[in-house]
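Here's the structure we're looking at; comments come further down.
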Amino acid sequence: MSHTNGQLLEIRDLRTYFETEDGIVKAVDGVTFSLRRGETLGIVGESGSGKSVTNLSIIRLIPDPPGKIVSGQVFFNGQDIMLLPTEQVRRIRGRRIAMIFQDPMTSLNPFMKISKQLMEMTQLHLGHTRGQAYEHAIKMLDSVGIPAARERVESYPHEFSGGMRQRVMIAMALSCGPELLIADEPTTALDVTIQAQILELIKKLKEETGTSVILITHDLGVVAGMTDHVIVMYAGKVFEQAPTTELFSLPGNPYTKGLLRSVPDPTAEQGQLYQIPGLPPDVAHLPPGCPFAPRCELVQEVCQHEFPPLVQLTADHFSLCHFAREVYADSESKSTTN
Amino acid sequence: MSTQQTSLNETVPQQTADHVEALIAIRDLKVHFDLGGGGILDKLIGNNPVRRLVKAVDGVTIDIFSGETLGLVGESGCGKSTLGRAILRLTEPSDGQVFYRNRDLAHLSARELRKERRHLQIIFQNPYASLNPRMTIGQIVGEPLETFGLHRGKEAEEQVQLLLETVGLSKRFIKRYPHEFSGGQRQRIGIARALAVDPDFIVADEPISALDVSIQAQIMNLLEKLQREKNLTYLFISHDLRAIRHVSDRVAVMYLGKLVEIADARTIYEEPLMPYTKALISAVPVPDPRVEATRQRIVLEGDVPSPINPPAGCRFHTRCPYAIDACRKVVPQLVEIKPAHFAACIRISSQEPHIENVAPGLAPGLETGQRISSTNSAK
């Protein structure tokens with residue numbers, strides 16, 4: 001356990017490629033980040049940026065073929081998950097690293113009662129007897145705010161609403177007391193008022209259990225309210241990482257900056273909305289140089305043919321850009337004038 | 001305010017400028033879906049002894065003014081898309097009227113309606129399902145021109161090229177098929193098709209919901225640009241309150257088939273009056289960590305009730321933190337609480353528009369000063 005030094009998870013140079021008819025898609029290409037115990041990390045990016053594949057790679061759930069984790073290390077409590085035999089990875093999945101997905105309907109078995117689905121988890125991982133597992137299932141449902149848990153535990157998934165199903169998923173994910181919860185767009189399929197309920201619930205449970213959380217989302221508002229650190233992904237790469245407040249106030253990457261400006265701020269006067277020109281990149285055919293160059297306002301000659309360096313701006317603020325320092329300085333000057 | 005109460009069925013929520021004529025005037029529009037039940041056989045078997053009706057849209061009255069964007073916001077199942085479709089009669093209304101240039105669309109014959117459709121168009125949510133995969137972009141955008149006999153042959157082709165350029169697509173795309181395009185580009189094609197017949201009014205039904213953040217901004221800007229250039233009127237339907245706030249002039253909030261609040265976009269956001277709107281606005285995450293850290297959020301209990309046999313009285317009473325006994329019985333009407341600001345809640349009135357200040361158990365909006373006998377009044 002020499003690697004840990006307060007880190008629960010440390011990912012180094014992770015690369016996950018997919019073989020397609022179109023050629024090799026480098027869905028995740030050299031991703032490095034770490035997560036401290038008890039912390040919430042947000043991963044933002046548009047579709048195809050590699051945020052979900054990163055997290056599936058962490059628990060080695062990449063379908064092979066066509067996918068392949070080409071290289072990289074994933075230290076979880078100092079142990080490299082990539083080197084473990086499948087059998088041991090299986091013991092970590094669900095027990096020490098749990099995951100919840102966007103669509104709670106497709107992640108629950110429609111033919112199984114909720115009770116059975118919840119009991120499976122603790123019977124398998126914690127060696128509960130049927131009786132223990134049943135009581136634990138009720139306790140978990142109760143803790144995620146499902147009313148009359150003792151009766152509802154006998155229901156089937158279709159008898160629950162979308163928000164309730166997501167609660168069941170959270171109950172299931174947390175039932176073995178995992179050290180890390182990966183939530184992949186947990187509220188995207190839900191209505192705003194239900195989203196608020198689920199986010200409050202995740203916050204509350206996190207405080208109670210001390211679980212670390214990776215929250216994958218495309219919604220910058222959710223990131224702002226929920227996370228301590230943020231990673232911005234684009235074209236399979238980490239474009240920027242920083243503490244949440246710093247990322248929002250002092251972005252050091254043109255893509256982050258554009259993303260922040262293109263979300264309407266409901267509290268401000270509504271002028272013309274900033275738009276990032278062009279389309280998200282085709283990951284199978286990336287341009288040489290910076291993948292964001294074709295859409296970047298500040299693009300220079302060098303961006304067209306030279307891949308940008310990862311620039312360290314402060315102790316824990318990194319940006320992948322030839323002009324990271326200039327962008328950061330510009331953010332600073334704007335934040336002081338405001 | 002009993003006068004307000006009685007006059008409500010005749011008067012219509014108006015914008016500040018009373019003399020502005022409505023382009024679309026919707027009067028007591030209803031769309032009910034019959035799920036069956038209640039027949040002799042059902043009673044005998046005892047399966048569905050009561051006839052079940054989904055009241056997707058249940059008595060909506062509102063004006064949409066020329067050149068404005070009316071935002072229609074609500075959660076899934078509230079009936080906002082059904083309302084949008086019913087205006088164009090893509091879903092048949094069960095009752096009520098939709099006036100467009102003083103003609104009631106809801107009661108036109110199919111032939112007459114077809115003629116009017118030229119002026120009334122729709123953009124759909126799903127850019128993957130709304131374009132025929134076997135037609136080229138040129139055919140898709142050109143089809144309406146042919147249908148309405150506007151342009152033919154070479155002229156039509158030029159028109160299509162012009163339309164593609166208007167929505168920011170290259171005219172080289174004319175021979176390509178929908179699968180060759182990204183979501184944002186497809187939405188542009190959908191917009192080009194809607195624009196082909198030079199309409200007055202466009203229903204935009206969740207036009208940006210399926211798109212990435214950076215592309216959402218592009219489509220919103222495009223819609224705004226087209227509105228300025230062509231003096232279009234939009235009904236912009238979305239569950240995304242930030243987008244609604246950005247594009248709309250006025251916003252109407254819908255809950256379980258009924259409009260519960262109407263005001264201009266800024267007011268709805270900064271000073272919502274109806275308790276549901278308040279909760280909805282407070283639930284929207286703000287992309288600013290400093291704001292998020294300090295703001296108080298109203299987290300509603302429970303889920304939206306089923307639109308099959310919805311709650312009696314105010315439909316929001318089952319989740320409303322301010323509900324009193326009377327809310328379970330009285331159906332609240334949209335009342336002009338402040339100038340051009342309408343809300344449906346019996347507990348507020350123009351004397352006391354803020355529900356936080358209303359004394360427990362009181363329903364000034366029902367009748368001024370009358371106390372409702374109530375044992376379990378709100379906190």
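The values are calculated or read from the model by the stated rules, or taken from the named source; none is laboratory data. Here the structure is a predicted model, which is why all the values come from computation and not from measurement. Neighbour counts run over all protein chains shown; Cβ positions are idealised from the backbone, glycine included.
In segment A:113-123, is there at least one residue being farther than 25 Å from residue A:198 by Cβ, assigned to a helix (DSSP H, G or I) and modelled with pLDDT of 90 or more? Even if it seems obvious, please write down each step before you answer.
As a first pass, look at segment A:113-123 and keep what is farther than 25 Å from residue A:198 by Cβ: A:123.
If we keep only those that are assigned to a helix (DSSP H, G or I) as well, we get A:123.
Narrowing the set further to residues that are modelled with pLDDT of 90 or more leaves A:123.
Yes, some residue in segment A:113-123 is farther than 25 Å from residue A:198 by Cβ, assigned to a helix (DSSP H, G or I) and modelled with pLDDT of 90 or more.
Go through segment A:155-191 and give me each residue that's closer than 25 Å to residue B:240 by Cβ, charged (D, E, K, R), modelled with pLDDT of 85 or more and not in a helix (DSSP H, G or I).
Within segment A:155-191, A:184, A:185 meet the criteria.
Can you find even one residue in segment B:269-276 that is more than 25 Å from residue A:200 (Cβ to Cβ), out of contact with any Pro (no Cβ under 7 Å at 6 or more places or on another chain) and either assigned to a loop (DSSP other than H, G, I, E, B) or away from chain A (no Cβ under 14 Å) (or both)?
Among the residues of segment B:269-276, not one is more than 25 Å from residue A:200 (Cβ to Cβ), out of contact with any Pro (no Cβ under 7 Å at 6 or more places or on another chain) and either assigned to a loop (DSSP other than H, G, I, E, B) or away from chain A (no Cβ under 14 Å) (or both), which makes the answer no.
Would you check which residues across segment A:250-278 are surrounded by fewer than 18 Cβ atoms within 10 Å (Cβ to Cβ) and either outside any loop (DSSP other than H, G, I, E, B) or at the interface with another protein chain (Cβ under 9 Å from one of its Cβ atoms) (or both) and list them?
A:261, A:267, A:269, A:270, A:272, A:274, A:277, A:278
Of the numbered conditions (1) more than 8 Å from chain A (Cβ to nearest Cβ); (2) in a helix (DSSP H, G or I); (3) touching a helix residue (DSSP H, G or I) at 6+ places or on another chain (Cβ under 6 Å), residue B:226 satisfies every one except a single condition; which is it?
(3)
Hey, could you check segment B:39-63 for residues that are surrounded by 15 or more Cβ atoms within 10 Å (Cβ to Cβ) and without any contact (Cβ under 8 Å) to a residue 24 or more places away in the chain and say which is farthest from the chain's Cα centre (by Cα)?
The selected residue is B:42.
How many of the residues in segment A:284-295 are within 13 Å of another protein chain (Cβ to nearest Cβ) and either in contact with a Lys or Arg (Cβ under 8 Å, 6 or more places away or on another chain) or closer than 24 Å to residue B:246 by Cα (or both)?
So the answer is 1.
Which numbered condition trips up residue A:303, out of (1) within 14 Å of chain B (Cβ to nearest Cβ); (2) farther than 30 Å from residue B:291 by Cβ; (3) buried (at least 19 other Cβ atoms within 10 Å of the Cβ)?
Of the numbered conditions (1) within 14 Å of chain B (Cβ to nearest Cβ); (2) farther than 30 Å from residue B:291 by Cβ; (3) buried (at least 19 other Cβ atoms within 10 Å of the Cβ), the odd one out for residue A:303 is (1).
State the number of residues belonging to segment A:176-214 that are within 12 Å of chain B (Cβ to nearest Cβ) and hydrophobic (A, V, I, L, M, F, W, C).
Final tally of qualifying residues: 8.
With within 8 Å of chain A (Cβ to nearest Cβ), surrounded by 19 or more Cβ atoms within 10 Å (Cβ to Cβ) and within 22 Å of residue B:363 (Cα to Cα) as the only criterion, which of B:343, B:279 stands out? Can you show your working first?
Values: B:343 fails: within 8 Å of chain A (Cβ to nearest Cβ).
Criteria check complete, one pass: B:279.
Residue B:323 - would you say it is small (Gly, Ala, Ser) and touching a Cys at 6+ places or on another chain (Cβ under 8 Å)?
In short, yes.
Taking segment A:36-85, which residues are among the charged types (D, E, K, R) and in contact (Cβ under 8 Å) with a residue 24 or more places away in the chain?
Once the filter is applied, which keeps residues that are among the charged types (D, E, K, R) and in contact (Cβ under 8 Å) with a residue 24 or more places away in the chain, segment A:36-85 yields A:36, A:37, A:39, A:46, A:51, A:60, A:68.
Residues of segment A:290-302 being under 15 Å from residue A:253 (Cβ atoms), within 28 Å of the chain's Cα centre (by Cα) and in contact (Cβ under 8 Å) with a residue 12 or more places away in the chain, which ones?
Selection gives A:290, A:291, A:292, A:295, A:296, A:297.
From the list A:68, A:51, exactly one residue is of a type outside the set (S, T, N, Q), surrounded by 21 or more Cβ atoms within 10 Å (Cβ to Cβ) and modelled with pLDDT under 95. Which is it?
A:51
Among the residues of segment B:331-338, is any under 30 Å from residue A:226 (Cα atoms) and crowded, with 20+ Cβ neighbours inside 10 Å?
no
Output the number of the condition that residue A:221 fails; it satisfies all remaining conditions of (1) out of contact with any Phe, Trp or Tyr (no Cβ under 9 Å at 6 or more places or on another chain); (2) small (Gly, Ala, Ser); (3) over 30 Å from residue B:264 (Cβ atoms).
(3)
Residue by residue through segment B:162-217, note down the ones that are of a type in the set (Gly, Ala, Ser) and outside any helix (DSSP H, G or I). Step through it out loud before you land on a result.
The initial filter retains those residues of segment B:162-217 that are of a type in the set (Gly, Ala, Ser), namely B:168, B:170, B:182-184, B:190, B:192, B:194, B:196, B:204, B:209-210, B:214, B:217.
Correct list: B:168, B:170, B:182, B:196, B:204, B:209, B:210.
Do you know which residues across segment B:237-267 are in contact with a Lys or Arg (Cβ under 9 Å, 6 or more places away or on another chain), within 10 Å of another protein chain (Cβ to nearest Cβ) and crowded, with 24+ Cβ neighbours inside 10 Å?
Across segment B:237-267, the qualifying residue is only B:245.
So if I check each of B:94, B:109, B:66, B:81, which one is surrounded by fewer than 14 Cβ atoms within 10 Å (Cβ to Cβ) and hydroxyl-bearing (Ser, Thr, Tyr)?
On the way: B:94 fails: surrounded by fewer than 14 Cβ atoms within 10 Å (Cβ to Cβ); B:66 fails: surrounded by fewer than 14 Cβ atoms within 10 Å (Cβ to Cβ); B:81 fails: surrounded by fewer than 14 Cβ atoms within 10 Å (Cβ to Cβ).
Among B:94, B:109, B:66, B:81, only B:109 is surrounded by fewer than 14 Cβ atoms within 10 Å (Cβ to Cβ) and hydroxyl-bearing (Ser, Thr, Tyr).
Can you tell me which condition residue B:138 does not meet? The list is (1) touching a residue at least 24 places away in the same chain (Cβ under 8 Å); (2) farther than 18 Å from residue B:194 by Cβ, and all the others hold.
Exception for residue B:138: condition (2).
Being in a helix (DSSP H, G or I) and closer than 15 Å to residue B:32 by Cβ is the filter; apply it to segment B:75-102 and report the residue that is farthest from the other protein chains (Cβ to nearest Cβ).
Out of the qualifying residues, it is B:86.
Looking at segment B:286-319 only, could you name the residues that are under 21 Å from the mean Cα position of the chain (by Cα) and within 8 Å of chain A (Cβ to nearest Cβ)?
Within segment B:286-319, B:303, B:304 qualify.
Yes/no matrix, rows are residues, columns are (1) of a type in the set (Gly, Ala, Ser); (2) more than 22 Å from residue A:202 (Cα to Cα); (3) within 14 Å of chain B (Cβ to nearest Cβ):
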| residue | (1), (2), (3) |
| --- | --- |
| A:37 | no, no, no |
| A:47 | yes, yes, yes |
| A:54 | no, no, no |
| A:62 | no, yes, no |
| A:71 | yes, yes, no |
| A:88 | no, yes, no |
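Go through segment B:306-330 and report how many residues are within 21 Å of residue B:57 (Cβ to Cβ) and surrounded by fewer than 17 Cβ atoms within 10 Å (Cβ to Cβ).
Adding up the residues that qualify gives 5.
Within segment B:159-170, is even one residue closer than 21 Å to residue B:126 by Cβ and of a type in the set (Val, Ile, Thr)?
yes
Could you list, ordered by first residue, the pairs with Cβ atoms under 7 Å in which the first is in segment B:79-93 and touching a residue at least 40 places away in the same chain (Cβ under 8 Å) and the second is among the β-branched types (Val, Ile, Thr) and in a loop (DSSP other than H, G, I, E, B), at least 6 apart or interchain?
What qualifies is B:82/B:91; B:85/B:91.
Just the residues that are on the phi > 0 side of the Ramachandran plot and of a type in the set (Phe, Trp, Tyr), please, taken from segment A:17-46.
none
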